[in-house]
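To start, the structure under review is shown below, and the notes come after it.
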Amino acid sequence: MHALLRALDAFTEVSGRWLAWLALGMAVVTAFVVLLRYGFNIGSIASQEAVTYMHGSLFMLGAAYTLKHNGHVRVDIFYRSFKPRTQAWINSLGGIVFLLPVCLFILGASWSYVSESWAIREVSPEPGGIPAVFLLKTLLLLLPINLLVQGIAEILRNALMLVEGEA
């Protein structure tokens, strides 16, 4: 179980660190769009859409990394005063009862929407836009898959805490 936990965590950690570079990419492309528009009076729909694609990728794919690093919003008025073992129970049950089913629901609900987009190779409705809306919509499937992977890792980590007394 330790090896599986390390592998799942490593996947999330590596992908999260790579995704962090998208924030820099977004800033550079946004500065480029502003420079073109206000400096040279030139508009670029593809560049504007690229910022949207990067923003969507960063947040949809970065959710698992945020979960791994305990960065999601949590109501911890009582939680923070609980013992680590009680926190592990809450985290385990929350993952099993809420996180995994929600991820499976999103995956199931998004499947036909994304597959229809792929079937027609959906493109941007804007002239000069990015001809790959189907790739952007694929994030609707990658979000729950990544969260499932990290959710399983979190459940395993808490199970180890409960069984072995270690985090």
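Derivation of every value follows stated rules applied to the coordinates shown; laboratory data play no part. These figures come from a predicted structure and were not determined experimentally. Positions of Cβ are backbone-derived with ideal geometry, glycine not excepted, and every protein chain shown enters the neighbour counts.
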Using alpha-carbon coordinates, inclination of helix 100-119 to the longest axis of the chain, degrees: 20 degrees
On a 0 to 90 degree scale, rounded to 10, what angle separates helix 133-164 from the longest Cα axis of the chain? 20 degrees
Quickly rank 11-22, 143-154, 59-70 as a protection proxy: mean count of other C-beta atoms within 10 Å, highest first. 143-154, 59-70, 11-22
What does the charge add up to near residue 45, with Lys and Arg as +1, Asp and Glu as -1, over the other residues with Cβ less than 13 Å from its Cβ? -1
Positive-end residue of 26, 130, 41, charge dipole of the chain with Cβ unit charges: 26
Packing rank of 124-133, 99-108, 86-95, where each peptide gets the mean count of other beta carbons within 10 Å, highest leading: 86-95, 99-108, 124-133
Along the dipole axis of the chain (charges at Cβ: +1 for Lys and Arg, -1 for Asp and Glu; origin at the Cα centre), the most positive-end residue among 8, 159, 57 is 159
Enclosed volume per residue, in Å³, of the convex hull spanned by Cα atoms of segment 2-164: 130 Å³
Toy charge model, Lys and Arg Cβ at +1, Asp and Glu Cβ at -1: the chain dipole around Cα centroid in debye, rounded to 20, equals 320 debye
